[in-house]
Amino acid sequence: MTVDPNAATQSWPSPEPERGPGPARYLIPALVAAAVAVALGAYGKVHDPTGTAFNLAGFSSTGAVKSWLATVAFFFALVQLVSALMVYGKLPGPRWSATLHRWSGRAAFLVAVPVAVHCLYALGFQSYESRVLWHSVLGCFFFGVFSAKMLLLRSERLPGWLLPIVGGLVFTALTILWLTSALWFFRTFGVTT
């Protein structure tokens with residue numbers, strides 16, 4: 001056996017292969033999501049509902065205010081979905097689709113917060129029928145998974161599938177929240193302001 005004198009020497013023992021960040025970096029966003037969801041649910045369950053938290057001039061009831069704000073949030077969530085498909089190249093879109101995605105998400109969140117505050121403060125976590133139970137559970141889940149998504153956005157070198165999955169969970173939760181609240185309200189009481 002001949003040895004090439006110009007070959008690079010290998011150190012002994014061989015160096016450890018470089019590893020990327022482990023799954024522990026996903027544990028913190030998951031724990032924060034769980035903590036937010038449980039904290040909201042616990043607060044909603046132990047808090048004595050007041051019956052009302054706010055009303056806006058021009059609306060006939062707090063139910064109408066919440067339904068319209070939830071509908072606006074759902075509209076922005078639809079914009080989020082379409083703009084995400086553009087960002088990931090699944091739909092053709094303008095160069096500014098990422099900016100549209102960020103700002104429609106911010107708008108959806110800002111509109112959803114007063115609805116959530118009213119739900120927690122005025123109604124609490126309720127379970128007297130399946131629609132209301134699903135709404136309560138998914139409301140807590142929505143803000144938990146949204147918190148996780150915001151933390152994951154700051155992470156580097158995420159797997160390409162992770163943000164679409166978490167974003168899909170946020171969208172699905174908001175969609176079911178809208179179906180179990182605003183759509184139910186409009187079908188029950190009519191499209192009123």
* To do: Determine which member of the set V117, V170 is open to solvent by 30 Å² or more (accessible area, probe 1.4 Å), assigned to a helix (DSSP H, G or I) and among the aliphatic types (A, V, I, L, M).
  => V117
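Yes or no, residue by residue, for (1) part of a loop (DSSP other than H, G, I, E, B); (2) open to solvent by 50 Å² or more (accessible area, probe 1.4 Å); (3) at pLDDT 75 or above:
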site: N6; (1), (2), (3): yes, yes, no
site: E18; (1), (2), (3): yes, yes, no
site: G22; (1), (2), (3): yes, no, no
site: L78; (1), (2), (3): no, yes, yes
site: M86; (1), (2), (3): no, no, yes
* Asked: How many residues are open to solvent by 50 Å² or more (accessible area, probe 1.4 Å), touching a residue at least 60 places away in the same chain (Cβ under 8 Å) and either assigned to a helix (DSSP H, G or I) or aromatic (F, W, Y) (or both) when one looks only at region 145-167?
  -> 2
* Return the residue satisfying two criteria in turn: it lies in region 179-193 and is open to solvent by 40 Å² or more (accessible area, probe 1.4 Å) and part of a helix (DSSP H, G or I), and of such residues it is nearest to S60 (Cα to Cα). => F189
* To do: Can you tell me which residue within region 120-144, out of those that are in contact with a Phe, Trp or Tyr (Cβ under 7 Å, 6 or more places away or on another chain) and crowded, with 16+ Cβ neighbours inside 10 Å, is farthest from V79 (Cα to Cα)?
  => L120
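The values are calculated or read from the model by the stated rules, or taken from the named source; none is laboratory data. The structure presented is a predicted model; accordingly, all values stated were derived computationally and were not measured. Every residue, glycine among them, receives a Cβ derived from its backbone with ideal geometry; neighbour counts consider all protein chains shown. With ligands, DNA and RNA removed, areas are computed over all heavy atoms of the protein, side chains included. Shrake-Rupley method; radii C 1.70, N 1.55, O 1.52, S 1.80 Å.
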